[in-house]
Amino acid sequence: MKVIKTPIQGLLVFQPNIFVDERGYFFESWSKKKYQDLGLDMDFVQDNESFSKKGVLRGLHFQNPPFEQGKLVRVIKGAVLDVAVDIRKDSITYGQHFSVELSGENKKVFWIPPGFAHGFVTLEDDTIFMYKCTKDYNKNSEGSLAWNDADLNIDWKVENPLISEKDMLASGFRDLKSQF
């Protein structure tokens, strides 16, 4: 597995070793030992999956302490532009974001530790997005940032994305009182 460091400390992209032959392919999408060997001791308690048509934008979501979540995300089918925003108030990259294209074809895996708002937009129809979480979902702990916040200035690479009502009501970054 190849580890790709990002400009934001803590965010990592992994390119698994993919074994291809005439039958198809095989790869390890998760190995606790391999991640521990990299110094990442992740204990996942919940798996989530979403199915979306092209142009659906979900995010930017996070959960506040003590229910903060780390997420290991990947795409099973289709493609997304995946975005993480640093909301760790003592971080030198506070308010900065990083984006990566994840697809069923490239099989990249993205680690987003607690302290980040996370979202993605689907780039293809019938996209299946999967993520492992380090803590259970807690409605009272959830927070969100406006996907189109001018201060964040995220280029989602789509025009007129499909947004949930909840995401349309998300706060701007300037209004964030980060608990991280």
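Tabulated data
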item: Count of the range 156-180 residues which are touching a residue at least 40 places away in the same chain (Cβ under 8 Å), more than 30 Å from residue 43 (Cα to Cα), open to solvent by 80 Å² or more (accessible area, probe 1.4 Å) and in contact with a strand residue (DSSP E or B) (Cβ under 9 Å, 6 or more places away or on another chain); result: 2
item: Qualifying residue in the range 3-22 (condition: under 24 Å from residue 180 (Cα atoms), open to solvent by less than 30 Å² (accessible area, probe 1.4 Å) and among the hydroxyl-bearing types (Ser, Thr, Tyr)); result: yes
item: Hey, residue 126 out of contact with any Asp or Glu (no Cβ under 9 Å at 6 or more places or on another chain) and either open to solvent by 60 Å² or more (accessible area, probe 1.4 Å) or without any contact (Cβ under 8 Å) to a residue 40 or more places away in the chain (or both) or not; result: yes
item: When residues of the range 130-149 are limited to those that are open to solvent by 90 Å² or more (accessible area, probe 1.4 Å) and either among the acidic types (Asp, Glu) or part of a loop (DSSP other than H, G, I, E, B) (or both), the one farthest from residue 175 (Cα to Cα); result: 137
item: Flag if residue 100 is closer than 30 Å to residue 172 by Cα and under 12 Å from the mean Cα position of the chain (by Cα); result: yes
item: Segments classed as strands (runs of 3 or more DSSP E), wholly inside the range 31-116, with at least 3 members that are in contact with a strand residue (DSSP E or B) (Cβ under 8 Å, 6 or more places away or on another chain), open to solvent by 80 Å² or more (accessible area, probe 1.4 Å) and not small (Gly, Ala, Ser); result: 46-52
item: Residue match in the range 10-33 (condition: farther than 21 Å from residue 104 by Cα and in contact (Cβ under 8 Å) with a residue 60 or more places away in the chain); result: yes
item: Pairs, first farther than 18 Å from residue 69 by Cα in the range 83-99, second open to solvent by 50 Å² or more (accessible area, probe 1.4 Å) and among the aliphatic types (A, V, I, L, M), C-beta under 9 Å, six or more apart; result: none
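The values are calculated or read from the model by the stated rules, or taken from the named source; none is laboratory data. All values reported here derive from a predicted model rather than from experimental measurement. Quick reminder, even Gly has a Cβ in these numbers, built from the backbone with ideal geometry, and neighbours come from all protein chains shown. These area figures cover heavy atoms from the full protein model, side chains too; ligands, DNA and RNA do not enter into them. Shrake-Rupley method; radii C 1.70, N 1.55, O 1.52, S 1.80 Å.
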